[in-house]
1. I'd like the trypsin sites (Lys or Arg not before Pro) in segment 173-264 restricted to DSSP loop residues with at most 12 other Cβ atoms within 10 Å, sorted by number.
2. Suppose we keep just the alpha-carbon trace of segment 214-264; what are its Rg and Dmax in angstrom?
3. Rg and Dmax of the chain, Cα atoms, in Å?
4. Of the cross-linked pairs Lys127/Lys242; Lys64/Lys200; Lys92/Lys200, which ones have a Cα-Cα span greater than 26 Å in the structure shown?
5. Give me Glu204, Glu177, Glu46 sorted ascending by neighbouring Cβ count inside 10 Å, so fewest comes first.
Amino acid sequence: MDFVQAIILAIVEGLTEFLPISSTAHMKFANPIIGVKSTPFSDMFEIVIQLAAILAVVVVYYRKFFDISRINFYLKLIIAVIPAIIFGALLKKHIDNALGNLHFIAYVMIGGGIIFLFVDRLFRNPKINDEAHISKTTAFKIGCFQVLSILLPGVSRSAVTILGGMSQRLTRKAAAEFSFFLAVPTMMAASAKSYWDLHKIHPEALTNDNYTILAISSLLAFIVSIFVIRYFIDFLKKYGFKVWGYYRIVVGVFMLILLWRGIV
């Protein structure tokens, strides 16, 4: 992976991480298009820049993350992230195989898009409009939805956790915000595990050049994500999920065409 390829992936990550369109799917398909081959470093890179993008949440919502009086806020995040940590550890082999199957990811993109066309009709009369009113039980249930993003790469972590929140009577705004909050401990755990594995198994991949590429790309993904977060909440409140459903279907079909024609 060279510097230009890393910058492209960082922009893709920053633009897609918080949208219900799967940043993983976009990066996995961007890789062969721009000539990035799967290596231990590139696999770790994809996870760590997701964390960099997600840390934008800490900046945008800094009052919540740095108010130590909000013990319940931290507890709810810890409770909600437990299912993903457990299943992530138990199903690592399945996850690795699924991440390498571009056909599978494309089909998941399309399937998720079809569901999104009808989602706005399913969840009516929400009652919870603020994280403070989310119970620990509800937080755990939303965390269980997050497991779907582990089992089905391409489904979008943000999408399933937002829908999980809406199924628990959260408004679109509250569900999206809690999805953002939950992403922080989730990706911290995933990034720490990925970096540790690389350091332990392939320490030769951690060169000064690769550290530089990772640092600059992470900063770029972080900056782009700040703008996307501010935009997405208002867009979701106004337009719902249908537009993202059409987008996912179009992109999924385009991915399959590229695969069938042997372009990727």
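1. Arg261
2. Using the Cα atoms of segment 214-264, the pair Rg, Dmax is 15.7, 39 Å.
3. Final numbers for Rg and Dmax: 17.7, 56 Å.
4. Lys64/Lys200
5. So the ranking, lowest neighbour count to highest, is Glu204, Glu46, Glu177.
Only the coordinates and a few stated rules stand behind these numbers; no lab work does. Quick caveat, the model's predicted, so the values are computed rather than measured. Glycine also receives a Cβ, built like all others from the backbone with ideal geometry; neighbour counts cover every protein chain displayed.
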